[in-house]
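One structure below.
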Amino acid sequence: MRLGGQKCTPSHLHYLGGLNGEQQKNCRSAEEGHQGYPWISEREVFRDFIAFYALQLSVLTDPVHPERAEQLQKIKENYEAEELTAFSQTFLELAQTIERNIDQGVYEDLLGMAYNECGATNRALEQVFTPPDVARLMAQFVFGQPKELPSEGHFTLNDPTCGSGALLLAAAEQTAHNGYDTCEQLVIQASDVDICCVQMTYIQLALYGIPAVVVHGEVIAMKEYDRWYTPVYLWGKWVWRAPMPFGTVRNKSDEKLKMLDEPMYAACRQVEQLFRKKGETA
């Protein structure tokens, strides 16, 4: 790939290098004899990077959405081996930064800052992200005083227009500061109409180890296109403890997940469907 006006490898993109607070070197000019390559903007590379690792995390952990392996392969085919290596190096930097943040009790919206820096915002949606300091201030207003744990044993947060997850991460940070375990005593539902925002939130909640369901959908119309389960949500069997409906009907992905997890539930659902079909034909 060639970045507009530059020879592009994703590790050289300054907005991704900013994840560890350092500016990367500028890419070489494309006029240096590199002709005949496809061109791609910084915005597109960033969105591909996000999609690539959201899909990869999902393929590795989520048994409900096997079709994402094919989507992942399509993105991979657009990049050369050295560029995919650069993707890996950048994601490793992101994961290591988040690991350090967790050790320090910090839940920072790293991808949101990079998203804004590189101009990847969806202009048609007129996106405006909440600044991290404002998000933390709002979290302190709501969660500043430690609250008693609900009877179900966990707090539930919902952000219907999550962006990159800044508000949710700030709330998780405050919850951790209040002495609660964000892996066991917090569960999140997030949603957004922009798939890149959905995937950014999914990646960050996954890496911060927070059980969550991130929905790609339109909250006003209550229309869901897809959903993303963080690994901790799957491993902790949160679909039984805190299912996250998006509307009034059973969610198909949740039902598939339950049937894969519990054979007896699958058998009961099959019997239920059989009787329903017989009733419809009677």
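The values are calculated or read from the model by the stated rules, or taken from the named source; none is laboratory data. Computed from a predicted model, the values in this text were never measured in an experiment. Virtual Cβ from ideal backbone geometry, glycine too; neighbours counted across all protein chains shown.
Quick rundown of the values:
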item: Which numbered condition ILE210 fails, given (1) over 21 Å from LEU167 (Cα atoms); (2) surrounded by 20 or more Cβ atoms within 10 Å (Cβ to Cβ); result: (1)
item: Identity of the residue in region 219-236, closer than 19 Å to GLU67 by Cβ and of a type in the set (D, E, K, R), that ends up surrounded by the most Cβ atoms within 10 Å (Cβ to Cβ); result: ARG227
item: Filter result for GLN174 (among the polar types (S, T, N, Q), under 11 Å from the mean Cα position of the chain (by Cα) and not in a strand (DSSP E or B)); result: no
item: Set TYR225, TYR180: member being assigned by TED's automatic domain parsing to the domain that holds PHE46, of a type in the set (Ser, Thr, Tyr), closer than 19 Å to TYR107 by Cβ and not in a helix (DSSP H, G or I); result: TYR180
item: Test: residue in region 262-277 that is within 21 Å of LEU186 (Cα to Cα) and not β-branched (Val, Ile, Thr); result: no
item: From THR201, THR161, THR156, residue being within 19 Å of LEU111 (Cβ to Cβ), among the β-branched types (Val, Ile, Thr) and over 12 Å from the mean Cα position of the chain (by Cα); result: THR161
item: Subset tally (residues that are among the hydrophobic types (A, V, I, L, M, F, W, C) and crowded, with 24+ Cβ neighbours inside 10 Å) for region 174-195; result: 3
